[in-house]
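Below: the structure, in C-alpha cells.
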Amino acid sequence: MSYTINPKERHAKASAENLRVSTKDSIVLSRAIRGKKLTTAKRLLNDLSEKKRDLDGKYHSKAVGEFIELLNSCEKNADNTGLERSRLFLHCSATHGSKSRRRRRKSKFGSQMKTTNLEMILIER
C-alpha cells in the first residue's frame with residue numbers, strides 16, 4: 001500500500017489493511033487527531049476508550065481500539081529510528097478497504113463485509 005504523503009522530514013510509519021472497523025468512524029477519528037502532537041493524540045484516544053470524552057456524542061470504541069494499537073506500533077518504530085518524542089506530530093488517514101461478500105443460500109441475499117485501511121505517520125518537526 002502506498003502512503004498518502006511522503007514527508008521530507010524524519011518520520012516513522014505504520015499501516016494496517018482490511019481492518020473490520022467502520023470507515024466512517026475511522027475518518028472521523030483520523031480528522032480529529034491529524035496534525036496533533038503525539039501526547040495530545042494519545043490522550044484523546046485514551047479518553048475516548050475510557051469514555052471520558054466523546055466526539056459528536058459518540059465514542060467510536062471499536063475504531064479507537066485499532067487506532068491505539070496502530071499508534072503504539074508507529075511509536076515503537078519512531079523509537080527504533082531514533083526520533084525525539086517531544087517533537088513528533090501525527091499524520092493519520094483512513095480509506096475504504098476491500099469488500100467481500102458474505103455467502104448465503106441464494107445469491108440475491110447476504111451482505112457485504114466492508115473493511116478499512118489505516119495509516120499513521122509520526123513526523124519530527
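Summary table
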{"read-out": "Lys, Arg +1 and Asp, Glu -1 on Cβ, resulting dipole of the range 23-124 about Cα centre, debye, nearest 20", "value": "1040"}
{"read-out": "Per-residue [θ]222 nm for the chain (sum of -39500 (n - 2.57) over DSSP H runs n ≥ 4, rounded to 500)", "value": "-11500 deg cm²/dmol"}
{"read-out": "The range 23-94, Rg to Rh (Cα coordinates; Rh as Kirkwood inverse mean 1/r)", "value": "0.97"}
{"read-out": "Dimensions in Å of the range 12-63 - Rg and Dmax from alpha carbons", "value": "11.2, 32"}
{"read-out": "Relative contact order computed over the chain (Cα-Cα under 8 Å; 6+ residues apart), in percent", "value": "42"}
{"read-out": "For the chain, built as a Gaussian network whose Cα springs stay under 10 Å, the top-fluctuating residue of LYS114, LYS76, LYS99", "value": "LYS99"}
{"read-out": "Pairs from LYS58/LYS99; LYS24/LYS99; LYS24/LYS62; LYS42/LYS76; LYS24/LYS114; LYS62/LYS114 whose Cα-Cα separation, in the structure shown, is over 18 Å", "value": "LYS58/LYS99"}
{"read-out": "Counting all C-alpha pairs of the chain, share separated by more than 18 Å (%)", "value": "54"}
{"read-out": "For the range 111-125, Karplus couplings with θ = phi - 60° (6.51, -1.76, 1.60), whole Hz, Gly/Pro x", "value": "9, 8, 9, 9, 10, 10, 9, 10, 9, 10, 10, 9, 10, 8, 10"}
{"read-out": "Dipole of the chain, positive direction: furthest Cα of HIS60, ILE123, THR40, with charges on the beta-carbon", "value": "HIS60"}
{"read-out": "Neighbourhood net charge (10 Å Cβ-Cβ; Lys/Arg +1, Asp/Glu -1) for ARG87", "value": "+1"}
{"read-out": "Long-range amide H partners of GLY97 with built H, under 5 Å", "value": "THR115, THR116, ASN117"}
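Read-outs throughout are calculated quantities, based only on the coordinates presented, and are distinct from any laboratory measurement. This one's a predicted model, so the numbers in the text were calculated from it and none came from an experiment. With ideal geometry, Cβ positions are generated from the backbone for all residues, glycine too; neighbour counts draw on all protein chains shown.
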